[in-house]
1. Please identify which residues in region 97-119 have an amide N closer than 17 Å to a label point set 7 Å out from the Cα of ASP62, following the Cα→Cβ vector.
2. In whole Å, largest first, what are the principal axis extents of the Cα atoms in region 23-199?
3. Highest mean first, how do 127-139, 147-159, 108-120, 66-78 rank when packing is the count of other Cβ atoms within 10 Å averaged over residues?
4. With θ set to phi - 60° and the Karplus curve 6.51 cos²θ - 1.76 cosθ + 1.60, what are the ³J(HN,Hα) couplings of region 104-111 in order, to the nearest whole Hz, using x for Gly and Pro?
5. Using the Karplus curve 6.51 cos²θ - 1.76 cosθ + 1.60 with θ = phi - 60°, what ³J(HN,Hα) values do you get for each residue of region 177-189, in whole Hz, with x for Gly and Pro?
6. If packing is taken as the mean number of other Cβ atoms within 10 Å per residue, what is the order of 99-107, 29-37, highest first?
7. Given N residues in region 81-151, what is Rg(Cα) / (2.2 N^0.38 Å)?
Amino acid sequence: MQEETSTKDLTARLALIESMLAEGRRQSESWGWTFLLWGVALYVAIVWGTWGQKLSVWGRSDLAWPVTMLAASLLTIAIGLKKGRRQPGTTVGRALVSLWICGGISMFLLFPALSISGRLDQHSFVAMIAGVLGIANGVSGMILRWKMQFACAVVWWVTSIAACFGSDAQLTAIFLAAIFICQIVFGVYTMILESRRRPAGVVHA
């Protein structure tokens, strides 16, 4: 009798864990727009910073990254607060949001400090940003058991390693490709999942 109760208890706990993971996945899908937004923001910053001065558009190229990242941050906060009021929080969701916020804060503190000190070059910048994004996507993918997001982490880790080698042109190509795969494509993918799930209430595994 005790063994039967233990088995039922274990089954109930496993069902609860699966339910929490499914809810965490649903919440992650609802935040897919942030991947797309930041992918576009990174492209704008790169184009502005690299070619803005040469093409005489958008003014000073040294303002590209600060202005673009600040604008993307404010837009993310504004939309996130609006969406957050409509969605109940879960433990898994709060943990993942905290992970991404801390990763963002780390980059916002680290990169300006390195830039001001003169110790930040193009290769180290890409290596560090790709490494941080690899950690955030990797932890999220492992917690949610989401292969697609963990695959994004692998792409970022490969990008981080590749940034330590090769020419500037190769680095730019690799970084742009990683942004497209892990931000644009993954963002659109999660938004499609959410739009399919919303009418029928279906959970995507």
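Bear in mind these aren't lab numbers, they're just calculated from the coordinates by the rules spelled out. None of these values were measured; they are calculated from a predicted model. Here Cβ is always computed from backbone atoms with ideal geometry, including for glycine, and neighbour counts include all displayed protein chains.
1. 112-119
2. 48, 31, 28
3. Details: 127-139: 20.4, 147-159: 18.5, 108-120: 12.3, 66-78: 14.8.
Packing proxy ranking, top to bottom: 127-139, 147-159, 66-78, 108-120.
4. Values per residue, Gly and Pro as x: x, 4, 4, 5, 5, 7, 6, 5 Hz.
5. 3J(HN,Hα) across region 177-189, in whole Hz: 5, 5, 4, 4, 5, 8, 10, 5, 5, 5, x, 5, 4.
6. Numbers: 99-107: 14.4, 29-37: 19.8.
Put in order of decreasing packing, that is 29-37, 99-107.
7. Working: Rg = 15.0 Å, N = 71, 2.2 N^0.38 = 11.1 Å.
With N residues counted in region 81-151, Rg over 2.2 N^0.38 Å equals 1.35.
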